[in-house]
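Notes for the one structure printed next.
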Amino acid sequence: MAKKDKIFIFDTTLRDGEQSPGASMSLEEKIQISRVFDDLGVDIIEAGFPIASPGDFEAVSAISKVLKKSIPCGLARHLKKDIDRCYEALKHASRFRIHTFISTSPLHMKHKLNMTTEQVYDSIKEHVTYARNFTDDVEWSCEDGTRTDMDYMCKTVELAIKSGANTINIPDTVGYTVPSEFTKIIETILNKVPNIDKAILSTHCHNDLGLAVANSLAGLQAGARQIECTINGIGERAGNAALEEVVMAIRTRNDLMPYETGINTKLLSKASKLVSNATGFPVQFNKAIVGKNAFAHESGIHQDGMLKNRNTYEIMTPESVGVKQTSLVMGKHSGRHAFKDKLISLGYADLTDDIIENAFGKFKVLADKKKHVYDEDITALVDDSLVLDNKANNLVLKSLKVFAGTGEPQRAEMTLDVNGQIKSSSETGDGPVDAIFKCIKSLYPHDVNLQLYQVHAVTEGTDAQATVSVRIEENGKTTVGQAADTDTLVASANAYIAALNKMILKREKTAPMMEQQEEKMRGI
């Protein structure tokens, strides 16, 4: 790969990412993450800030020993003790990088460093040269670079390269710049720094204005060849440029950015989950590339397009980032095409149009009631529709009201269609379900034994559908009725009625057989 086509990915999840408030990671977690990053193909892993704490030193040291392909890197201020500490932590690696930095903006030099431009200039020469004594891989950063005077920046960059830095990083430390401005900064450095050809230019963009990835890509197109980023975009304040977004933008829009990274994109989802679990920072559902909804479609229009050609609404495949498959999320915006496709995938390939239409209508009602409609919900709806599709149904629930609580007997008011006649009843019982079953018995007198009444939630959550199973027995014959609804009591009524309808059907089928047997008996 030609050098100009290669984009180096510098990951700072373990350093800048861990500086997110509350994102501290244990040594074991850092080692596990670094191994995944090594497999992922990250070129440089900034493992920590060794002078910051004994724990940071230990982590950088341990990571430097386990990496096989990635280059370990440690951060150091312009202090010799920082650089010494970096070397001590990294010296176990066959190759390593020391990353040293100092502020160059007027605001930082005056209020943070209390140093003049000359003092900063002298410090660059002293400390970059000192770092170069330990390794031939030295990176220098001008902190708050995007608020630095351009002439002064060019002067400091030239000096850092002369002093031994072979990577020059331009940080947008406070997420202040915009793509057009950042493009101009990179182009100015490339045009005005005479020895810039001896170093790789890098970007380090923060996301305070939501522009970290856009600014990083703008810098790339202007001539930068290293991008500093983090998994899931974690980092100080609003975070850093997200590694997964940068990498997939380059891959997806290779027509505009004809470059390559060494990243195995199929491990992006795995890396995202690992970092999320270690930091305790959940990934927002609509996060690009690795969010739960990144490859999920609920809109009926979108689902229809996806079923016809996935390119209609997906610019990359879920498999390319380690996600198993596209998810057609069934919800209130889903259409018939997606619903029918879902039924086929669930094994209902031979349903009649009437049953599909009945189940789809119930699905729409259910989707308005609950946020997530799961496969189990749809299965329950279809099974319910198959029962109701039986033309021999003698009993149909028209309405149900239940009054329950403490202090008074539970009462049910019910209206049934009994063989085409509308009948109503009100009964009290030992609990709401008992009252419901008494209503059914008063509206359609029968004598059966209730052998089983069972309720279970189809899915999780307080808005889950309840599936109720009822088994009844009459003269040695048993039938089972099932029904599902977000209202357990409605499901109970429909399950009992379904079992009764089946029992009535059995009676009707049995009667002719008994008559035939009686005729035979008389014939004998």
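Legend: Rg and Dmax of region 1-70, from Cα coordinates, 12.8, 41 Å. For the pair region 22-98 / region 168-215, the C-alpha centres are spaced 24 Å from each other. Quick one: which residues, 5 or more positions from residue 335 or on another chain, have an amide H under 5 Å from its amide H? H modelled 1.01 Å from N in the peptide plane, none for Pro or chain starts. For residue 335, whose amide H was placed from the backbone, the distant partners under 5 Å are 300. Note on residue 197 and residue 487: the model spin-label points, each 7 Å out from Cα along the C-beta direction, lie 8.0 nm apart.
Does anything in region 398-434 have its amide N under 16 Å from the 7 Å Cα→Cβ label point of residue 507, and if so which residues? So the set is 417-421. Take 216-223, 421-428, 167-174 and order them by the average number of nearby Cβ atoms within 10 Å per residue, most first; the result is 167-174, 216-223, 421-428.
Extension gain for the segment residue 396 to residue 454, taken as residue separation times 0.36 nm less the Cα-Cα distance, is 18.8 nm to one decimal.
Taking a point 7 Å from the Cα of residue 365 along the Cα-to-Cβ direction, none of the residues of region 433-456 has its backbone N closer than 17 Å to it. D by Stokes-Einstein for region 3-279, Kirkwood Rh over Cα pairs, 4 °C, 1.567 mPa s: 71 µm²/s.
Between the C-alpha center of region 401-421 and that of region 432-494 there is a gap of 14 Å. Taking amide hydrogens as placed 1.01 Å from N in the peptide plane, the amide H of residue 281 sits under 5 Å from that of no residue at least 5 positions away in sequence or on another chain. Kindly flag which residue pairs out of 81/287; 30/112; 91/198; 91/162; 81/162 have an alpha-carbon separation exceeding 29 Å in this structure. From the list (81/287; 30/112; 91/198; 91/162; 81/162), the Cα-Cα distance tops 29 Å for 81/287; 30/112. Per-residue Karplus couplings for region 164-170, computed as 6.51 cos²θ - 1.76 cosθ + 1.60 with θ equal to phi - 60°, are listed in order as x, 6, 10, 10, 10, 9, 10 Hz, Gly and Pro entered as x. Placing a label point 7 Å from the Cα of residue 281 along the Cα-to-Cβ direction, the residues of region 243-273 whose backbone N falls under 19 Å from that point are 243-248, 268-273. Residue ranges 47-56, 85-94 sort as 47-56, 85-94 when ordered by packing (mean number of other C-beta atoms within 10 Å per residue, highest first).
Coordinate-derived values only; no laboratory data. Nothing here was measured: the structure is a model prediction, and the numbers come from that model. Please note: Cβ atoms are built from the backbone with ideal geometry, for glycine as well, and neighbour counts cover all protein chains shown.
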